[in-house]
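Visitor: There's a structure below that I have some questions on.
The values are calculated or read from the model by the stated rules, or taken from the named source; none is laboratory data. These figures come from a predicted structure and were not determined experimentally. Note that we place each Cβ from the backbone using ideal geometry, even for glycine, and neighbour counts take in every protein chain shown.
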Amino acid sequence: MASAEKPRILVFSTLYPSSVRPNHGIFVETRLRKLVETGQVHVRVVAPVPWFPLKDARFGEYALLARTPRREMHHGIDVLHPRYPLPPRVGMSVAPFCLTLGALGAVRRLIEEGFAFDLIDAHYYYPDGVAAALLATIFRKPFVVTARGTDINLIPRYAFPRRLIRWASARANASISVCQALSNELERLGADPARLIVLRNGVDLERFRPLDRAACRERLGIAPGPTLLSVGYLIERKGHHLVIEALARLPDFQLLIVGTGPERAALESLAASLGVSERVRFVGAVPQPELAAYYSAADVLVLASSREGWANVLLEAMACGTPVVATRIWGTPEVVAAPVAGRLAAARTAASLADAIEDLYAQLPSR
């Protein structure tokens, strides 16, 4: 070992930030940085990215993959980004094996450089956790996997990935889940209960804390009136469309949507068709350090997801003193566990969200 008291940990995940995608998998980096700050471990990160040949901005997210550095120091941590092939159509079935092959060279390079790691710490069970199990077998090392959401509450619906997840969980030294609901599902899939650990995500209270609401609203140019906030990647499962539909039932409210993604044009069209365009503001991407101002400026954060393991945006909003309305899915009831925290919608519908928003706004907790 590098020193008698410091184990060497190899973090392995496709969900990890880079200089060109600074918010991608930031929750994995956040946990790791807090661990590193203890001074009790040595770490390296292998964060593979799918191979793509062209860097031209016209290719959007794919171009960002191509522009990702092969190796970089990111917030003081040595991160390797090896490439792996991901064939179309059969990608889901072969992803763990492609990921393993792509990462082998980077892992061997670290060992040759003197980082003979003691443990693989993988995040997301499929394909990352399965690939970590293969790497652990090749290098004869123990490994742990953190389950984070769709890797357990969606992907096991497919027979072949389900078999591979069961195989990996049977070999993992421990399986960590970010909420009890995911841990229960892992047990249902056959994981040994004695090796299941629930480790809920925390929140950075130095970054996310209550700020002066009036000052934040003025700085961000937010008009007077009750304000809803929806934060997340602009895809269907995040439910921004439902929040817009709920807004149509709430004539006194305005809505800020923070995030980027492929559904933006469809969401703008929806807002126009419902006659609420003037009350919806698409903010775009916001750096993590700036999010606290938006949370503090809003009256209610709304999260209408169809799937979440442990939604960090809920904790971030609460840490800023902003109550939430959310759908009753997976770990969310563990987060929104008291009336002062917010409300859980009775169903994932615009009507239920609007009802929950009205009920919460009528009894807003003191900030």
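Visitor: If you go through segment 82-91 one residue at a time, do you hit one that is free of Cβ contacts under 8 Å to residues at least 12 places away in the same chain, within 25 Å of GLU308 (Cβ to Cβ) and not aliphatic (A, V, I, L, M)?
Guide: First, pick out the residues of segment 82-91 that are free of Cβ contacts under 8 Å to residues at least 12 places away in the same chain: 87-91.
Next, only the ones that are within 25 Å of GLU308 (Cβ to Cβ) stay: 91.
Next, only the ones that are not aliphatic (A, V, I, L, M) stay: 91.
Yes: segment 82-91 contains one or more residues that are free of Cβ contacts under 8 Å to residues at least 12 places away in the same chain, within 25 Å of GLU308 (Cβ to Cβ) and not aliphatic (A, V, I, L, M).
Visitor: Still on this structure, please answer the following. Could you pull out the residue among THR332, THR322 that is hydroxyl-bearing (Ser, Thr, Tyr) and over 16 Å from ARG148 (Cβ atoms)? Steps first, please.
Guide: Values: THR332 fails: over 16 Å from ARG148 (Cβ atoms).
Only one candidate qualifies: THR322.
Visitor: Look through VAL41, VAL45 and report the one residue that is surrounded by 20 or more Cβ atoms within 10 Å (Cβ to Cβ), touching a Leu at 6+ places or on another chain (Cβ under 9 Å) and not assigned by TED's automatic domain parsing to the domain that holds GLY259. It would help to see each step written out before you state the result.
Guide: Numbers: VAL41 fails: surrounded by 20 or more Cβ atoms within 10 Å (Cβ to Cβ).
Result: VAL45 is the single residue among VAL41, VAL45 that is surrounded by 20 or more Cβ atoms within 10 Å (Cβ to Cβ), touching a Leu at 6+ places or on another chain (Cβ under 9 Å) and not assigned by TED's automatic domain parsing to the domain that holds GLY259.
Visitor: Can you say whether VAL203 is outside the structural domain of PHE143 (by TED's automatic domain parsing), touching a residue at least 24 places away in the same chain (Cβ under 8 Å), of a type in the set (A, V, I, L, M, F, W, C) and in a helix (DSSP H, G or I), as far as the supplied structure shows?
Guide: Details: outside the structural domain of PHE143 (by TED's automatic domain parsing): yes; touching a residue at least 24 places away in the same chain (Cβ under 8 Å): yes; of a type in the set (A, V, I, L, M, F, W, C): yes; in a helix (DSSP H, G or I): no.
So VAL203 fails the test.
Visitor: Counting only residues that are of a type in the set (A, V, I, L, M) and assigned to a loop (DSSP other than H, G, I, E, B), which one in segment 1-49 is farthest from GLY114 (Cα to Cα)?
Guide: At the first step, the residues of segment 1-49 found to be of a type in the set (A, V, I, L, M) are 1-2, 4, 9-11, 15, 20, 26, 28, 32, 35-36, 41, 43, 45-47, 49.
Applying the additional criterion that residues be assigned to a loop (DSSP other than H, G, I, E, B) yields 1-2, 4, 15, 20, 41, 47.
Working: MET1: 10, ALA2: 9, ALA4: 16, LEU15: 25, VAL20: 28, VAL41: 15, ALA47: 19 Å.
My answer is VAL20.
Visitor: Give the number of residues within segment 97-124 that are among the hydrophobic types (A, V, I, L, M, F, W, C), in a loop (DSSP other than H, G, I, E, B) and within 26 Å of SER177 (Cα to Cα). Break it down into steps so the answer makes sense when it comes.
Guide: Pass one, segment 97-124, residues among the hydrophobic types (A, V, I, L, M, F, W, C): 97-99, 101, 103-104, 106-107, 110-111, 115-117, 119-120, 122.
Remaining after also requiring in a loop (DSSP other than H, G, I, E, B): 115-117.
Those left that are additionally within 26 Å of SER177 (Cα to Cα): 117.
Qualifying residue count for the region: 1.
Visitor: Residue by residue through segment 50-96, note down the ones that are of a type in the set (Gly, Ala, Ser), farther than 26 Å from LEU110 by Cβ and outside any loop (DSSP other than H, G, I, E, B). Can you show your working first?
Guide: Of segment 50-96, the ones of a type in the set (Gly, Ala, Ser) are 57, 60, 63, 66, 76, 91, 93, 95.
Still in the list and also farther than 26 Å from LEU110 by Cβ: 57, 60, 63, 91, 93.
Hits for segment 50-96 are ALA57, ALA63, GLY91, SER93.
Visitor: It is to be established whether one or more residues within segment 168-177 are part of a helix (DSSP H, G or I), in contact with a Ser or Thr (Cβ under 7 Å, 6 or more places away or on another chain), small (Gly, Ala, Ser) and modelled with pLDDT of 95 or more. Reasoning before the result, please.
Guide: Here is the first cut: in segment 168-177, the residues part of a helix (DSSP H, G or I) are 168-171.
This time we only want the ones that are in contact with a Ser or Thr (Cβ under 7 Å, 6 or more places away or on another chain), so: 169.
Okay, now just the ones that are also small (Gly, Ala, Ser), so 169.
Next, from what is left, pick out any that are modelled with pLDDT of 95 or more: 169.
Checking segment 168-177: at least one residue is part of a helix (DSSP H, G or I), in contact with a Ser or Thr (Cβ under 7 Å, 6 or more places away or on another chain), small (Gly, Ala, Ser) and modelled with pLDDT of 95 or more.
Visitor: Now for a different question. Looking only at residues in segment 272-293 that are over 26 Å from the mean Cα position of the chain (by Cα) and of a type outside the set (Ser, Thr, Tyr), which one is nearest to LEU229 (Cα to Cα)? Talk me through it step by step, then tell me what you get.
Guide: First, the residues of segment 272-293 that are over 26 Å from the mean Cα position of the chain (by Cα): 272-279.
With of a type outside the set (Ser, Thr, Tyr) added as a condition, the list becomes 272, 274-276, 278-279.
On the way: ALA272: 18, LEU274: 18, GLY275: 18, VAL276: 15, GLU278: 15, ARG279: 12 Å.
The qualifying residue nearest to LEU229 (Cα to Cα) is ARG279.
Visitor: Scan segment 210-233 for residues that are crowded, with 22+ Cβ neighbours inside 10 Å and not hydroxyl-bearing (Ser, Thr, Tyr) and report the count.
Guide: 3
Visitor: Taking the residues in segment 314-367 that are among the polar types (S, T, N, Q) and in a loop (DSSP other than H, G, I, E, B) as candidates, determine which candidate is nearest to GLU206 (Cα to Cα). Give the steps one after another, and end with the answer.
Guide: Taking segment 314-367 and keeping what is among the polar types (S, T, N, Q), we get 322, 327, 332, 349, 352, 363, 366.
In the following step, the residues that additionally are in a loop (DSSP other than H, G, I, E, B) were identified as 322, 327, 349, 363, 366.
Working: THR322: 16, THR327: 27, THR349: 35, GLN363: 28, SER366: 21 Å.
Per the stated criteria, the residue is THR322.
Visitor: Report the residue count in segment 135-165 for those that are part of a strand (DSSP E or B) and either outside the structural domain of ASP192 (by TED's automatic domain parsing) or touching a Leu at 6+ places or on another chain (Cβ under 8 Å) (or both). Quick ask: steps written out before the conclusion?
Guide: First, pick out the residues of segment 135-165 that are part of a strand (DSSP E or B): 143-147.
When the remaining residues are screened for being either outside the structural domain of ASP192 (by TED's automatic domain parsing) or touching a Leu at 6+ places or on another chain (Cβ under 8 Å) (or both), the result is 143-144, 146-147.
Number of matching residues: 4.
Visitor: Let me ask you something else. Do we find a residue being surrounded by fewer than 18 Cβ atoms within 10 Å (Cβ to Cβ) and among the charged types (D, E, K, R) anywhere in segment 143-152?
Guide: No, that holds for no residue.
Visitor: Checking the condition outside any loop (DSSP other than H, G, I, E, B), in contact with a strand residue (DSSP E or B) (Cβ under 6 Å, 6 or more places away or on another chain) and not assigned by TED's automatic domain parsing to the domain that holds ALA95, which residue from LEU182, LEU228 passes? First the steps, then the outcome.
Guide: On the way: LEU182 fails: not assigned by TED's automatic domain parsing to the domain that holds ALA95.
Answer to the selection: LEU228.
Visitor: Filter segment 270-304 for residues that are farther than 13 Å from GLU245 by Cβ, of a type in the set (S, T, N, Q) and either surrounded by fewer than 17 Cβ atoms within 10 Å (Cβ to Cβ) or not assigned by TED's automatic domain parsing to the domain that holds VAL325 (or both) and give the result.
Guide: Selection gives SER277, GLN288.
Visitor: Scanning for something β-branched (Val, Ile, Thr), at pLDDT below 95 and more than 22 Å from MET318 (Cα to Cα), does segment 259-268 turn up at least one residue? Steps first, please.
Guide: As a first pass, look at segment 259-268 and keep what is β-branched (Val, Ile, Thr): 260.
Next cut, at pLDDT below 95 only: 260.
When the remaining residues are screened for being more than 22 Å from MET318 (Cα to Cα), the result is 260.
Yes: segment 259-268 contains one or more residues that are β-branched (Val, Ile, Thr), at pLDDT below 95 and more than 22 Å from MET318 (Cα to Cα).
Visitor: Out of (1) in a loop (DSSP other than H, G, I, E, B); (2) in contact with a His (Cβ under 8 Å, 6 or more places away or on another chain), what's the single condition that is false for PRO251?
Guide: Going through (1) in a loop (DSSP other than H, G, I, E, B); (2) in contact with a His (Cβ under 8 Å, 6 or more places away or on another chain) one by one, PRO251 breaks only (2).
Visitor: Scanning segment 58-69 for residues that are out of contact with any Lys or Arg (no Cβ under 8 Å at 6 or more places or on another chain) and charged (D, E, K, R), which turns out farthest from SER18 (Cα to Cα)? Full working, then the answer.
Guide: Residues of segment 58-69 out of contact with any Lys or Arg (no Cβ under 8 Å at 6 or more places or on another chain): 58-62, 65, 69.
With charged (D, E, K, R) added as a condition, the list becomes 58, 61.
Values: ARG58: 20, GLU61: 13 Å.
Checking each candidate, the answer is ARG58.
Let's see how each residue does on (1) in a loop (DSSP other than H, G, I, E, B); (2) aliphatic (A, V, I, L, M); (3) closer than 20 Å to SER352 by Cα:
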residue	(1), (2), (3)
ALA265	no, yes, no
GLU278	no, no, no
VAL286	yes, yes, no
PRO289	no, no, no
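Visitor: Scan TYR62, TYR125 and give me the residue that is crowded, with 23+ Cβ neighbours inside 10 Å and either under 27 Å from LYS6 (Cβ atoms) or hydroxyl-bearing (Ser, Thr, Tyr) (or both). If you could, list the steps in order and put the result at the bottom.
Guide: Values: TYR62 fails: crowded, with 23+ Cβ neighbours inside 10 Å.
Criteria check complete, one pass: TYR125.
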